[in-house]
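The values are calculated or read from the model by the stated rules, or taken from the named source; none is laboratory data. Given the structure is predicted, the values throughout are model-derived calculations rather than measurements. With ideal geometry, Cβ positions are generated from the backbone for all residues, glycine too; neighbour counts draw on all protein chains shown.
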Amino acid sequence: MAHLLSALHSRFASLEEQSRLSSVTEMLAFARRPGESINALLARYETVRQRATVEGQFVMSVEVCSSQILRACGI
């Protein structure tokens, strides 16, 4: 079973570069969804930011993150 899972993972898993690029792109393109509450926006932002940090090794300063959240809120 372990061999089967390993073979499937190596064949169908995203390449590391693709995973890194998609996490950083998602972070940079972050926007508020129509009708999304502020609590949902902040929770989703934290998830996207954490993914970009872990998978994409992409870290932004607190000031830039704050600016991005304010822009997403339309302020």
Study note, to complete from the structure: Those residues of the stretch 1-33 that are within 19 Å of the chain's Cα centre (by Cα) and modelled with pLDDT of 85 or more come to a total of 14
Exercise for review: Just name the residue that is farthest from residue 72 (Cα to Cα) out of those in the stretch 16-53 that are without any contact (Cβ under 8 Å) to a residue 12 or more places away in the chain and β-branched (Val, Ile, Thr).
Suggested key: 53
Study note, to complete from the structure: Of the candidates 68, 57, 50, the one satisfying the condition of being polar (S, T, N, Q) and at positive phi is 57
